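Each reported figure results from applying straightforward, stated rules to the coordinates on display, with no laboratory input. Just so we're clear, the structure is a prediction, and the values are computed from it rather than from any experiment. Cβ: placed from backbone, ideal geometry, glycine included. Neighbour counts: every protein chain shown.
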2 protein chains.
Amino acid sequence: MISNSGVKAMNIMTIGQIARNSGTSIETIRFYEREGLIEKPPRTESGYRNYRPDVISRLSFIREAKSLGFSLMEIKELLSLKFSPETNCGDVRSQAEKKILDIEHKIDSLQRMKQALVKLVTACPGSGPTSECPILEAMETKKLG
Amino acid sequence: MISNSGVKAMNIMTIGQIARNSGTSIETIRFYEREGLIEKPPRTESGYRNYRPDVISRLSFIREAKSLGFSLMEIKELLSLKFSPETNCGDVRSQAEKKILDIEHKIDSLQRMKQALVKLVTACPGSGPTSECPILEAMETKKLG
DNA sequence: ATAAACCCTGCACCCTACTCCAGAGTCAAT
DNA sequence: ATTGACTCTGGAGTAGGGTGCAGGGTTTAT
């Protein structure tokens, strides 16, 4: 290796270090790279991937968004709201507005679900044979959808 | 057919009617039955499934919960949260409490995501290039997850 | 009584999102 | 200079969640 002679660039990491720090496996990181969810990082002379640490938060974001029911496709869209010098601000804006509505709907549904469960828990000591399925009932009467 | 002679039981539906009314395909309904997410309905003499209309809201709930990032397994657990003579109150209660925490975490994450997007939209002048839209920054710095 | 529209089972297949090799090269420490 | 931990590519395999027939009965309208 020839580079890295004078200054030690301590802000680059191997894929293994990124994996350990992000809770995402090496294989998955490479998979996300193939799928375009994270940028192709520069390589060393020998071909090793060379990451800047900020890819870690991107990976955390992906993990979080997945657990909220977004597909990798949707996550890609969310992420691309930043990196598109081509598209104009209006496009991004309306995209973002759509996502906001989507998210608001999700929050709503979760709040109704939570309410149903809270009701179930507080009614618990009574222990009588309550309704067949409290969560379903709560969701039904409030007309989810 | 011999039954159904005197009284017309109008509150039963075929699988096709359920499918059309719930937005879930026939195949998927049968799949959910195999997986135990919905009860096996009674059958006609000829073997046709005979549903009561309330299965529709159960299917809607499943669809909703899926979009919120719950797996079919988790949905099964959510649906089974009720007091039955078999399970004791403590079990149900602690199960429900775990689900509540889970849901609260999801709501939190969604709210942070929404905030990031709202910030993006309000920071967006509505035209021009988007080289430095604040969305990813907002998401990264807030340390989602 | 015949066609169109349904429904049945069983099984193969598909998509998404990974996960796991094999075979080979690289790096750090001893 | 060798060992052991690490990385590379390419490709096959897996789990979860459906989807699509084929082959064959059933219902309903005409």
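Give me the Debye-computed log₁₀ of I(q)/I(0) at q = 0.13, 0.25 Å⁻¹ for the stretch A:8-70, equal point scatterers on Cα only, no solvent, two decimals.
So the normalised log intensities work out to -0.33, -1.13.
If the label for residue B:76 sits 7 angstrom from Cα along the Cα-to-Cβ line, what are its distances to the same label in every other copy, in nm to one decimal, shortest first?
Copy-to-copy label distances at residue B:76, shortest first: 3.2 nm.
Between residue A:123 and residue B:66, how high is the FRET efficiency from 1/(1 + (r/R0)^6) when r is the Cβ-Cβ distance and R₀ = 35 Å? Nearest 0.05.
Values: r = 27 Å, r/R0 = 0.77.
So, using R0 = 35 Å, E works out to roughly 0.85.
Would you mind checking B:40/B:66; B:66/B:119; A:76/A:98; A:40/A:98; A:119/B:66 for any pair whose Cα atoms are more than 18 angstrom apart? Please report the intermediate quantities before stating the final value.
Values: B:40/B:66 21 Å; B:66/B:119 28 Å; A:76/A:98 15 Å; A:40/A:98 28 Å; A:119/B:66 22 Å.
Cα-Cα > 18 Å for B:40/B:66; B:66/B:119; A:40/A:98; A:119/B:66; rest within.
Given the Cα-Cα distance of residue B:14 and residue B:98 and 0.36 nm per residue of separation, how much length would full extension add, in nm? Can you show the working numbers first?
Working: separation 84, 0.36 × 84 = 30.24 nm, distance 3.68 nm.
Extending this stretch completely gives an extra 26.6 nm.
Any idea what the residue B:34 label distances to the other copies are, label 7 Å down the Cα→Cβ vector, nm, shortest first?
2.8
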